[in-house]
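Undergrad: What follows is a single structure, and I will ask about it in a moment.
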Amino acid sequence: MDVWERVREVNAEDTLTEKQIGGARSRLIAGIDAAHAVSRMKRNRRPMLIVAGAVAGVAAVSATVVVVNQLTAPAPHVEAVPTATSGPRQPGATIAPDPGPTSGAGIAEPFAGTTPQAGQYLRITTNEEVLIYRGPDDEVYQWSFRRHGAPAPLSAVLIHSVSGLYMPADRAGEWYSSHGPMNERVALYPGGDGAAWDSLLPIGPESPLKPSLGGIPGEGGVPFGGLESYAEYPADAHELLGYLDDRAVASGRVADGVRDYVVDAVLGVVRSNIAPAQTRATFLDALKLLEETEVVSVSGGITTYRVQYGQSGLPHTVTISVDAATGWTTEYSIRWGRTEGATGDMVPTSVPDIHWTYEVSIVDALP
């Protein structure tokens, strides 16, 4: 099944506008080819998986999986949705010093001390908060994928889930990931609706570490995160943007779809935190060059950027904070175009639709 048919299949029982289909197509292709797509939920009364935090370009990070148990039967339809798991340098974290150049003969690698040495692991812990709504028929959905003409939601919940990733110094070796605790309640809107959410979104425990060879399992079983995942990208930021633009055009996108693809691709690699240091530096430079990017604040070595885009689908705002010393993303949030009280939305617009915080360090062994 090609990617266009997959876009049509997702939520096939709903009536979607051509603009919605176009936006979904753009996000899906960007996720498969180069970048992240946003976590999406299938809006019907079936078991359902929300997969968040995985693919970045042809790289990937560990996925947070939120399991939604509903009442009826068929097997869940799962759409793998790339997003990022990245993290900051935390106080007290053990980061191995970089003894010398690690990328090319005599060329010093950027972000010294962020590349694990033999026997070490890059450890990434992702804390994810997702805002989920409940409709009159126990539909559950994120606001950006709310069914056209759907009645006002009855309630909403902000849930917290945790995922972990251990990337070995040898990217061809065994990676390890874990998930949980999952679906812990952060806030209810309005309060007092906990019983309904307990059946729709049960809280899950932490899972043991699960190994995978050569990266994070991805589309068709091909792992993401190996060095070959990044070989295609130019090392110059201007050339990189031109390369991504050309690739978007070659894939059939036009106008705003091309631009959204490029922005998605850049954000996906920056927030993943698993790209090699030189690749991370190039993509961070590209992020600064995007006309959609503005600097919000600089504090304690952390620069926060605001990126507004999504003209081929639903416009949204991304906020991303990056540690200038490591190139690691410390925080990432997505806010869709919700307006206060619109269509019965009871959640303040100050609450992001998705919010990730990351803890990143280099460790000598698995736990």
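Coordinate-derived values only; no laboratory data. Because the structure is predicted, anything quoted here is derived from the model rather than measured. All Cβ positions, even for glycine, are placed from backbone atoms using ideal geometry, and neighbour counts span all protein chains on display.
Undergrad: Percentage of Cα-Cα pair distances in the stretch 119-192 greater than 18 Å, rounded to whole percent?
TA: 55
Undergrad: Further question: Using 0.36 nm times the number of residues separating residue 289 and residue 174, minus their current alpha carbon distance, what extension gain do you get?
TA: Stretched fully, the residue 289-residue 174 segment lengthens by 37.8 nm.
Undergrad: Please list, in chain and number order, the residues 5+ apart from residue 154 or on another chain whose amide H is under 5 Å from its amide H, with Hs placed from the backbone.
TA: 134, 135
Undergrad: Binning at 5 angstrom from zero up to the longest distance, how are the C-alpha pair distances of the stretch 288-342 distributed in percent?
TA: For the stretch 288-342, the pair-distance distribution reads 4, 18, 24, 23, 15, 9, 5, 1, 0.
Undergrad: Continuing with this model, one more query. Out of residues 5 or more away from residue 218 or on other chains, whose amide H comes under 5 Å of its own, with H placed 1.01 Å from N in the peptide plane?
TA: Counting only residues 5 or more places away or on other chains, the set is 224.
Undergrad: While we're looking at this one, here's another question. Cα atoms only: what Rg and Dmax, in Å, come out for the stretch 245-354?
TA: Reported Rg and Dmax, both Å: 15.2, 47.
Undergrad: Considering the Cα trace of the stretch 165-303, what is its radius of gyration and what is Dmax, both in angstroms?
TA: Considering the stretch 165-303 through its Cα atoms, Rg and Dmax are 19.5, 53 Å.
Undergrad: Here's another thing I want to ask about it. If I take every Cα pair under 8 Å that is 6 or more residues apart in the stretch 136-255, average their sequence separation and divide by the length, what percent do I get for the relative contact order?
TA: In percent, rounded to a whole number, it is 21.
Undergrad: For the pair residue 250 and residue 228, how long in nm is the line joining their label points, each one 7 Å along Cα→Cβ?
TA: It is 1.8 nm.
Undergrad: Can I ask one more? Going by the alpha-carbon gyration tensor, a ≥ b ≥ c the square roots of its eigenvalues, is the stretch 193-258 rounded (a/c under 1.5) or, if a/c is not under 1.5, prolate (a/b greater than b/c) versus oblate?
TA: It is oblate, given that a/c is not under 1.5 and a/b is not larger than b/c.
Undergrad: Over the stretch 228-303, how many percent of alpha carbon pairs lie in each 5 Å bin up to the one with the longest distance?
TA: Percent of pairs per bin, in order: 3, 15, 25, 25, 18, 8, 4, 1, 0.
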